[in-house]
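Okay, structure first, notes after.
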Amino acid sequence: QGVRVTHVSSGQFHSACLDSEGRVYTWGWGAHGQLGHGGCDDVLSPQVVTSLRRHRVIQVSCGYAHTVALTSKGHVFSWGCGLFGQLGSGHTGKHVRPVRVMVESGRGKVGKITAGYFHNIALTETGKVVTWGANPQILRLEAQQRKKEKLSYDIFRKDGLNLSSRE
């Protein structure tokens, strides 16, 4: 009550919003730390992400199980599941609190950001596009390739067993 919400985003099972003061609120399923409250508990109503209080956030976006935020200074923060590199930390672990993403220097200040299923896209003020994480299409293709390889192995194994039973 008494909070003016200016922006809302939703992920697979969690949501985030910004208020007119640049504070981030999150709620929903927290199993991967995507709420940014320091743990993996579910939160049933919007709660302020306290570790971002020193920053004026101008944009927030939710992926499948991660969240990204952009500050008025062009700094990007991410938290939640990092299994596919979507946190931009260089690791694949989870972060239960926001961590700063170091967008390569020389690309300019980040002006816009959005989260996809397992990836993020940032647009700099100079018009450069920066991405990190995995594209779901690539994940689907990799899964199909693994399925084909398993099927080939199973067929080879079956034929091999049939040959040896004939001897």
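The values are calculated or read from the model by the stated rules, or taken from the named source; none is laboratory data. Computed from a predicted model, the values in this text were never measured in an experiment. Note that each Cβ is placed from the backbone with ideal geometry, even for glycine, and that neighbours are counted across all protein chains shown. Only protein heavy atoms, including side chains, enter the accessible area calculation; ligands, DNA and RNA are left aside. Shrake-Rupley method; radii C 1.70, N 1.55, O 1.52, S 1.80 Å.
Just checking, how many residues over segment 4-19 are within 12 Å of Gln47 (Cα to Cα) and either charged (D, E, K, R) or part of a loop (DSSP other than H, G, I, E, B) (or both)? Selection size over segment 4-19: 1. Look at (1) out of contact with any Gly (no Cβ under 9 Å at 6 or more places or on another chain); (2) crowded, with 23+ Cβ neighbours inside 10 Å and you find that Val48 fails only one, number (2). Entry remark, segment 80-108: residues being part of a strand (DSSP E or B), open to solvent by 70 Å² or more (accessible area, probe 1.4 Å) and over 20 Å from Gln47 (Cα atoms) number 1 in total.
For segment 42-79, the set of residues classified as under 12 Å from Ile121 (Cα atoms) and either part of a loop (DSSP other than H, G, I, E, B) or over 17 Å from the mean Cα position of the chain (by Cα) (or both) consists of Gly63 only. Which one is surrounded by the fewest Cβ atoms within 10 Å (Cβ to Cβ) among residues in segment 51-68 that are of a type outside the set (A, V, I, L, M, F, W, C) and closer than 20 Å to Lys109 by Cα? Checking each candidate, the answer is Arg54.
Thr71 meets each of the listed conditions (1) over 15 Å from His32 (Cβ atoms); (2) at pLDDT 90 or above; (3) surrounded by fewer than 18 Cβ atoms within 10 Å (Cβ to Cβ); (4) not hydrophobic (A, V, I, L, M, F, W, C) apart from (3).
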